[in-house]
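The values are calculated or read from the model by the stated rules, or taken from the named source; none is laboratory data. Model, not experiment: these values are computed from the prediction. When we count neighbours, we look across all protein chains shown, and the Cβ atoms used for this are built from the backbone with ideal geometry, even at glycine. To get the accessible areas, we keep the full protein, side chains included, count just its heavy atoms, and leave off ligands, DNA and RNA. Shrake-Rupley method; radii C 1.70, N 1.55, O 1.52, S 1.80 Å.
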Amino acid sequence: MRPAPVQAATGDSLGVAATKAGLYFGVAASPGRLSGIVGREFSQLTPENDMKPDTIAGHGGTVQNTGSADTLVDYAQSNNMIVRGHTMVWYSQAGSLSGANQPTLNTYIKNVLLKWGNKIAYWDVVNEALDDNNTGERRNQWPHTLDKDANNDGDYFDSSDTDYIRDSFKQARQVVDSNGLRTKLCINDYDIEGLTVKGGSKNKKSDAMYEIVKKYSQEPYKYIDCVGFQAHFNDNPNSIITDDLEDNIRRFAELGVEVHLSELDIDDDLSNNDIGAGQAANYRKVVRACLNVAKCTGITVWGISDSESWRSSERGLLFTGSNGNYTKKAAYTAVLEELKKGRGTVDPTPTPTDSPTPTPTDSPTPTPTDTPTSTPTGSPTQPPESDCRVSYSDNTWNTGFTAAVTVENAGDDTIDGWSLTWTWPGDQKVTSAWNATVTQSGNRVTARNASYNSLLAPGATASFGFQASYSGSNDAPQEFALNGVTCTRG
Ligand code: XIL
């Protein structure tokens, strides 16, 4: 039996404010730091060290010693937090994996993915592949020693080349797909946050990451789902907060991948103010940059309190104190305020390939939504009867709620363009949505795919969410229909 969740009922927490804005707000932790604040304040958890190979990799790609990681996963599940697995293939903290060949890495990748399955929403498959000092090159130690530039053209993108990044993601994708997992596969690095670095020159490390993500997130590969900008901001010239942070997030988002600020901390820099502004203002700026791009779907702070941080001298986090006895800093308040403002005008100039614009759905002239066969894009293939499955969960407070909806194509044909319809049993009214365009007319609701999740291969899922108000009771809809066909519930 799991312990009862300790999620705050008031809605006044970073996690709840983030959920309402359509992203997660999480924290890195170890089992010794699981005081109540973790479950109360955050909606996502990253094991700070307990899933790294030096803890859990055994001989030949086996997985062992997972007790601490299991504790974190169980805690997250008990507290409605999603988990970001961190990390598989990394030159550091590699333990017995260090120096492994690709077949052994592949065994390990398979074992870790299957160990936790869908309990892990996102996994960092490859971490810190790129070199320091803005060279745009890869790091020269293992696992890069597995790479071979067969035709000597300066990259690892040719089919004759060997690329441990491609091959590790290929294996991860194969394991995810062949086991029906929903886990999303991320690449993670630092000093890739801005388009530029201090002084205005190009951020070559970020450009190099962009080329990797561009190559391996698109057809025919489709390996990479997400990119983590670690976001350890400090006064190193390559680690400052630049004004083009938002533009760089958007550049990656427009490839169709999710962007996470995966390890956020911000040096408070009292002695040397290279980083500019105050810490709270810097937090506000960084959180806003993410909120302004719809596919920036999560932020994780790298620890709870300054004194317990991996970089305690920077005082880079949102709380002071220790051992569960924490005090909120000005930076905490700034983040909460910014999250509560929501996404605002998201992506004012969306490109055709990406940048969904979640349409506020309480517009005065709602589109009539009772046209069950209407589809937004392309010429859809209608699934045969009941060949869709829908899961629906809500998180309700006094007068409002957020809901997460997952649609699955349970048929044999690919669906290109979908609309999901339902009828509210009460007076629920959708007020905003993400990852789909949701319109409401009376009590009939239509959720249409965003440009980047229109295609549903057999067995594939698309997830979206929304915020709504209600009075009285908030009963879930009884029936959902996908492109006019009634779905089973799952
Ligand atoms: C750090 C942890 O916070 C420390 O406790 C540990 O001693 C070293 O690793 N980039 C990463 C994280 O991807 O795994 C690192 O975490 C911080 C930098």
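Rounded to the nearest 5, the antiparallel percentage of DSSP beta bridges internal to the stretch 185-272 is 10%.
For the pair Thr399 and Gln478, what calculated FRET efficiency results from E = 1/(1 + (r/R0)^6), where r is the Cβ-Cβ distance and R0 = 30 Å, to the nearest 0.05?
On the way: r = 22 Å, r/R0 = 0.74.
Using R0 = 30 Å, I get an efficiency of 0.85.
Can you pull the percent of the stretch 402-490's accessible area that's carbon plus sulfur, 1.4 Å probe, other chains left in place?
Details: 1410 of 3150 Å².
Ligands and nucleic acids excluded, carbon and sulfur reach 45 percent.
Which value in nm describes the separation of the simple spin-label points at Thr488 and Asn80, placed 7 Å from the Cα toward the beta carbon? Roughly 2.8 nm, to one decimal.
Label-to-label distance, Asp54 versus Lys222, with points set 7 angstrom from Cα along the beta-carbon direction: 3.8 nm. Look at the Cα gyration tensor of the stretch 388-489: its axes a ≥ b ≥ c give a/c of at least 1.5 with a/b over b/c, and that counts as prolate. When a 1.4 Å probe is rolled over the protein heavy atoms, the share of accessible surface on the stretch 5-341 that falls to carbon and sulfur comes to 44 percent.
For the modelled label position 7 Å from the Cα of Ser92 along Cα-to-Cβ, which residues of the stretch 38-59 have backbone nitrogen atoms closer than 20 Å? Only 46-57 pass the distance filter.
Pairs over the 31 Å Cα-Cα cut-off, from the set Lys52/Lys204; Lys52/Lys148; Lys202/Lys295; Lys184/Lys285; Lys170/Lys341: Lys170/Lys341.
Here Asp235 and Gln174 are evaluated by their C-beta separation; at R0 = 45 Å the FRET efficiency comes out at 0.60.
Can you tell me how much longer the chain between Asp413 and Glu211 gets when fully stretched, taken as 0.36 nm per residue apart minus their C-alpha distance, in nm with one decimal?
Extra length from Asp413 to Glu211 when fully extended: 69.5 nm.
In whole percents, the pair-distance distribution calculated for the chain from its alpha-carbon pairs, binned every 20 Å from zero, is 23, 58, 19, 0. What the Cβ-Cβ distance of Ser307 and Thr333 gives, at R0 = 25 Å and to the nearest 0.05, is a FRET efficiency of 0.80.
The alpha carbon centroids of the stretch 166-214 and the stretch 120-139 are separated by 7 Å. For the chain, the per residue solvent-accessible surface stands at 39 Å², with DNA, RNA and ligands left out and a 1.4 Å probe. Of all DSSP bridge pairs formed entirely within the chain, close to 60 percent run antiparallel.
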